[in-house]
Amino acid sequence: MKTADCDILILPGYAGSEAEHWQSRWAGRLRTARVVEQADWHRPDPESWRARIVEAVEAARRPVILIAHSLGVVAAVEAAPRFPPRVVRGALLVAFPDIEAGADLPDSVRAFAPVPRDPLPFPSLLVASRTDPHCTYERAEDYAYAWGSALVDAGESGHINVASGHGPWPEGLMRLAGFMKGL
């Protein structure tokens, strides 16, 4: 599958993705991509976030590829059972936050718990860092197994965001292209 053949929905996490974030850059670079906007990026409401993602999937005119980061991963996984069948063809899930164990996370983020462990109804890649401050690699590996996701070891990459030095993140774009080629 090529990017021109699908609608790419970008799902940022808590506080959204600033202009330098790889998700924002990809949204500007990939012609068929758009960010699924949330009503409040700083006080996320689980049901509202899930509903916006479901609405975006339902409004798509072509097969959908999800590109989620951080809390966007959790919201996508929670929304997945509500997607129309076979519309979402795949998902790139990056830097899953362990909201059930993350003591340093805001209450509004922890309100998304518990995170479903059911297999996802579409192929997915979970990219996890060994130095992510919001999730241990072992917990990410456990969720990848539960969801049926292929796990990508990003090494010592922090939270794979601007703060960890991932502005354009060309490696991620190459990983996305390889993933889509197999769909």
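Per-structure values
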{"item": "Qualifying residue in the stretch 52-64 (condition: modelled with pLDDT of 95 or more, part of a strand (DSSP E or B), within 16 Å of the chain's Cα centre (by Cα) and not aromatic (F, W, Y))", "result": "yes"}
{"item": "Unmet criterion (only one of (1) loosely packed, with under 14 Cβ neighbours inside 10 Å; (2) small (G, A, S); (3) within 24 Å of W147 (Cβ to Cβ)) for S70", "result": "(1)"}
{"item": "From the options R139, R130, residue that is buried (at least 16 other Cβ atoms within 10 Å of the Cβ), over 24 Å from R43 (Cα atoms) and among the charged types (D, E, K, R)", "result": "R139"}
{"item": "From P44, P63, residue being touching a residue at least 60 places away in the same chain (Cβ under 8 Å) and open to solvent by less than 20 Å² (accessible area, probe 1.4 Å)", "result": "P44"}
{"item": "Residue match in the stretch 158-173 (condition: open to solvent by 30 Å² or more (accessible area, probe 1.4 Å), touching a residue at least 24 places away in the same chain (Cβ under 8 Å) and of a type in the set (V, I, T))", "result": "yes"}
{"item": "Subset tally (residues that are closer than 19 Å to V73 by Cβ, of a type in the set (G, A, S) and assigned to a loop (DSSP other than H, G, I, E, B)) for the stretch 8-34", "result": "4"}
{"item": "Test: residue in the stretch 81-101 that is open to solvent by 10 Å² or more (accessible area, probe 1.4 Å), part of a strand (DSSP E or B) and among the basic types (K, R)", "result": "yes"}
{"item": "Any hit, the stretch 37-45, residues being in contact with a helix residue (DSSP H, G or I) (Cβ under 7 Å, 6 or more places away or on another chain) and either in a strand (DSSP E or B) or within 20 Å of I160 (Cα to Cα) (or both)", "result": "no"}
{"item": "Among (1) touching a Pro at 6+ places or on another chain (Cβ under 8 Å); (2) of a type outside the set (V, I, T); (3) open to solvent by 30 Å² or more (accessible area, probe 1.4 Å) - the single one W147 does not satisfy", "result": "(3)"}
{"item": "Members of the stretch 126-183 found to be closer than 25 Å to L105 by Cα and of a type in the set (A, V, I, L, M), listed by number", "result": "L126, V127, A128, A140, A144, A146, L151, V152, A154, I160, V162, A163"}
{"item": "Leading residue by the ranking (surrounded by the most Cβ atoms within 10 Å (Cβ to Cβ)) among those in the stretch 17-34 that are in contact with a strand residue (DSSP E or B) (Cβ under 6 Å, 6 or more places away or on another chain) and among the polar types (S, T, N, Q)", "result": "Q23"}
{"item": "Pairs where the first residue, in the stretch 126-138, is basic (K, R) and the second is modelled with pLDDT of 95 or more and open to solvent by less than 50 Å² (accessible area, probe 1.4 Å), C-beta under 7 Å, 6+ apart", "result": "R130/Y137; R130/G155"}
{"item": "V73 among the β-branched types (V, I, T) and either free of Cβ contacts under 8 Å to residues at least 12 places away in the same chain or in contact with an Asp or Glu (Cβ under 7 Å, 6 or more places away or on another chain) (or both)", "result": "no"}
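The values are calculated or read from the model by the stated rules, or taken from the named source; none is laboratory data. The structure displayed is predicted, hence computed values, not measured ones. Glycine gets a Cβ as well: all are built from the backbone with ideal geometry, and neighbour counts include every protein chain shown. Just so you know, the surface numbers come from the protein's heavy atoms only, side chains and all, with ligands and any DNA or RNA stripped out. Shrake-Rupley method; radii C 1.70, N 1.55, O 1.52, S 1.80 Å.
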